[in-house]
Amino acid sequence: MNHFEYRNGVMHCEQVSLEDIAREVGTPVYVYSTATLERHFTVFAGAVSAHPSLKSPKGEAPLVAYAVKTNSNLAVLRTLAAQGAGADTVSEGEIRKALKAGVPANKIVFSGVGKTDEEMAFALKAGIYQINVESPPELERLARVAATLNMIAPVVIRINPGVGAGGHAKITTGGAKDKFGVSAEEALRLYAEASAHRHIAPMGIACHIGSQITDLTPMQAAFSRMRGWVEDLRANGLSVERLDLGGGLGVPYFNQKEPPAPADYAEMVALTVGDLGVRYTFEPGRAITANAGVLLSRVIHIHERADSGQKFLVLDAGMNDLIRPALYDAYHDIRPVHAGDPADTTVYDVVGPVCETGDTFTRGREMPACREGDVVAFMTAGAYGAVMGSEYNSRPLAPEVLVRDADWSVVRPRPSYEQMMAAEPLPDWFSPRAVSA
Ligand SMILES: *Cc1c(COP(=O)(O)O)cnc(C)c1O
């Protein structure tokens with residue numbers, strides 16, 4: 001469910017007309033709904049918190065650590081933090097943003113295959129909940145960093161369960177040959193090694209098998225292996241207090257297939273790994289933010305090719321603003337902000353202005369007929385959208401707007417061309433004369 005709906009023929013985000021935002025802020029622009037963010041978070045957190053078998057021995061509800069990489073705008077993070085969200089982070093920058101947005105340090109998880117010494121030290125000093133260790137050299141470095149700071153690092157070991165899943169090969173992470181985590185045998189060895197170390201406190205194990213997963217079967221297979229490994233560790237006399245099950249729950253990008261609801265996911269988790277006497281962690285990202293955002297873009301013109309008969313709908317948004325179709329062959333529903341006659345459709349190749357053929361959002365799609373100057377909305381663009389934006393082709397980063405009821409606010413302005421150029425100082429060997437315009 002989301003809060004983007006037509007009212008009197010114009011798409012609104014909550015109470016705000018998207019036509020108004022497009023006119024006042026300009027296009028391309030990302031627009032997020034507070035109500036949808038809050039709803040998605042509370043539905044997910046409510047589902048996993050509802051199961052008595054997913055409570056910790058101390059009676060704590062699971063930690064729901066929102067995956068910051070999907071949408072790291074500070075206002076989005078602040079909105080989720082106010083709902084009680086923790087943060088799953090993958091860099092010092094994300095930890096800093098989560099802290100700044102009001103996520104308590106003891107709800108922050110630090111994941112990723114390549115954390116630097118500086119990042120580890122920052123995380124330890126901030127007092128975060130746990131560091132998810134993904135390899136033997138990483139554990140070794142973390143032990144050294146923690147020893148230097150005379151601190152004890154709370155650690156879970158990320159296991160690659162050998163069950164990959166996800167909407168595309170590039171976002172499948174749990175396959176045995178993927179770069180994430182260690183094998184179960186190696187995890188058991190590392191865990192024992194970590195227990196003997198004065199500056200490491202191994203707390204449990206973690207997995208995250210992929211993203212945009214629309215079927216519970218692979219998750220269930222991975223989680224039931226995780227259960228076995230918790231039992232193996234305990235059988236070896238090691239204490240296991242935490243189990244982190246990652247994110248990955250998919251969202252509907254188009255009307256055909258409904259992914260599992262959070263309640264069904266929670267039910268499966270409770271049946272598969274419930275009652276282990278651990279504190280559970282979940283790291284949902286896309287499921288929280290994807291349908292909470294749209295990218296608005298204006299039709300620059302329609303180029304009808306005489307030879308092929310193709311109609312290119314040329315937009316002012318490009319792959320630098322929304323790279324998912326180019327990178328993952330992702331499908332985004334594209335809807336006109338002004339609903340026309342639903343029977344009036346045309347087949348378009350929808351493209352951006354960037355100078356490569358990869359800058360094609362879709363080919364041969366039948367959709368409502370558009371005219372020059374119309375505004376269209378890329379639906380389900382709140383996750384892995386703005387965060388993956390770049391200035392390729394020297395195009396300013398698309399701004400971001402957060403809506404709340406009838407209010408809205410620009411939460412990241414579009415940089416001016418002066419600001420873009422000020423970020424690239426020239427070396428002083430160019431004399432002022434040589435660079436004068
Ligand atoms: C990307 C990622 C997530 C979030 O995945 P979604 O599919 O967006 O829910 C969670 N945990 C880890 C370790 C990740 O890398």
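Readers should treat all values here as calculations from the given coordinates under stated rules, not as data from a laboratory. The model shown is predicted, which means the values in this text are computed figures rather than measured ones. As a convention, Cβ positions derive from the backbone with ideal geometry for all residues, glycine included, and neighbour counts pool all protein chains shown.
Data overview
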quantity: Cα pair distances in the stretch 1-93, grouped into 5 Å bins until the bin that holds the longest one, percent each; calculated: 3, 12, 18, 18, 16, 14, 10, 5, 3, 2, 1
quantity: Residues whose placed amide H lies under 5 Å from that of Val411, excluding near-sequence neighbours; calculated: Glu400, Val401, Leu402
quantity: Anchor Lys55: lysines whose Cα lies under 20 Å away (excluding residues fewer than 8 positions away in-chain); calculated: Lys107
quantity: Sequence-separation-based contact order of the chain, relative, with Cα cut under 8 Å and 6+ spacing, percent; calculated: 19 percent
quantity: Estimated distance in nm for a label pair at His168 and Glu372, the labels positioned 7 Å out from Cα along Cα-to-Cβ; calculated: 3.3 nm
quantity: Hydrodynamic radius of the stretch 250-314 per Kirkwood, over alpha carbon pairs, in Å; calculated: 16.4 Å
quantity: Rounded Å value of the spacing that divides the Cα centres of the stretch 351-395 and the stretch 19-60; calculated: 25 Å
quantity: Entries in Lys58/Lys257; Lys69/Lys179; Lys69/Lys177; Lys100/Lys177; Lys97/Lys170 that, when Cα-Cα distance is taken, lie over 29 Å; calculated: Lys58/Lys257; Lys100/Lys177
quantity: Extension reserve of the Leu327-Thr148 stretch, reckoned as 0.36 nm per residue once the Cα distance is removed; calculated: 60.3 nm
quantity: Potential extension, Gln419-Thr42 segment - 0.36 nm per residue separation minus Cα distance; calculated: 131.9 nm
quantity: GNM flexibility winner over the chain from Val251, Val48, Val354 (Cα, springs under 10 Å); calculated: Val354
quantity: Whole-number percent relative contact order across the stretch 75-142, with pairs defined as alpha carbons under 8 Å at least 6 apart; calculated: 31 percent
quantity: Low-density loop cleavage sites - GluC sites (Glu not before Pro) in the stretch 336-437, where at most 13 other Cβ are within 10 Å (DSSP); calculated: Glu356, Glu372, Glu391
quantity: Residues Phe430 and His301, FRET efficiency given R0 of 35 Å [Cβ-Cβ distance, rounded to 0.05]; calculated: 0.35
quantity: Mean Cα-pair separation over length for the stretch 132-283, i.e. relative contact order, pairs under 8 Å, 6 or more apart, %; calculated: 23 percent
quantity: Calculated on alpha-carbon atoms, Rg and Dmax of the stretch 375-437 in Å; calculated: 17.1, 53
quantity: Rg/Rg_ref, the stretch 34-286, where Rg_ref = 2.2 N^0.38 Å and atoms are Cα; calculated: 0.94
quantity: The chain - convex hull of alpha carbons, volume per residue in Å³; calculated: 171 Å³
quantity: Among beta bridges that DSSP assigns inside the stretch 34-286, antiparallel share in %, nearest 5; calculated: 5 percent
quantity: Rough spin-label spacing in nm, given labels placed 7 Å along Cα→Cβ, for Lys125 and Tyr6; calculated: 5.5 nm
quantity: The chain: most fluctuating residue of Pro368, Pro425, Pro28 per GNM, C-alpha cutoff 10 Å; calculated: Pro425
quantity: Simple Cβ-charge dipole of the stretch 196-343, Lys/Arg +1 and Asp/Glu -1, about Cα centre, in debye nearest 20; calculated: 340 debye
quantity: Whole-Hz couplings from phi, Karplus 6.51/-1.76/1.60, listed for the stretch 39-46; x for Gly and Pro; calculated: 5, 4, 5, 5, 5, 5, 4, x
quantity: The chain: most fluctuating residue of Gly373, Gly162, Gly285 per GNM, C-alpha cutoff 10 Å; calculated: Gly373
